[in-house]
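Below is one structure, written out as structure tokens; the observations come after it.
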Amino acid sequence: MFLTNVLLKKTKSKFIMVVMESAVSGHKFNAIRERLADKLELIRFDPYIQHESLYKERKKIRSLK
């Protein structure tokens, strides 16, 4: 292995930005989680239905440093 390959290798970021979507109304927002953590599921206020609802992680948007 050449020394240049070692020096130019990119490191993986520790955090990623993901889309969270409401299971009830489809309302979406962005959240940040650690790359190695499990997929997010949380209860949060949903402005469309004016009550709390379950939000599930839908997809990854981008990596963060």
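The values are calculated or read from the model by the stated rules, or taken from the named source; none is laboratory data. What you see is a predicted model, and the numbers here were worked out from it, not measured in a lab. We place every Cβ from the backbone using ideal geometry, glycine too, and count neighbours over all the protein chains shown. Note: accessible area is taken over every heavy atom of the protein model, side chains too, but ligands, DNA and RNA are not part of it. Shrake-Rupley method; radii C 1.70, N 1.55, O 1.52, S 1.80 Å.
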Looking only at the range 37-53, how many residues end up being within 11 Å of the chain's Cα centre (by Cα) and without any contact (Cβ under 8 Å) to a residue 12 or more places away in the chain? 2
Within the range 33-58, restricting attention to residues that are aliphatic (A, V, I, L, M) and open to solvent by 100 Å² or more (accessible area, probe 1.4 Å), which residue is modelled with the highest pLDDT? ILE43
Do any strands (runs of 3 or more DSSP E) lying entirely in the range 20-65 carry at least 2 residues that are touching a His at 6+ places or on another chain (Cβ under 9 Å), and which ones are they? 41-46, 51-64
Name every residue in the range 7-19 that is assigned to a loop (DSSP other than H, G, I, E, B) and in contact (Cβ under 8 Å) with a residue 12 or more places away in the chain, in order of residue number. LYS12, SER13, LYS14
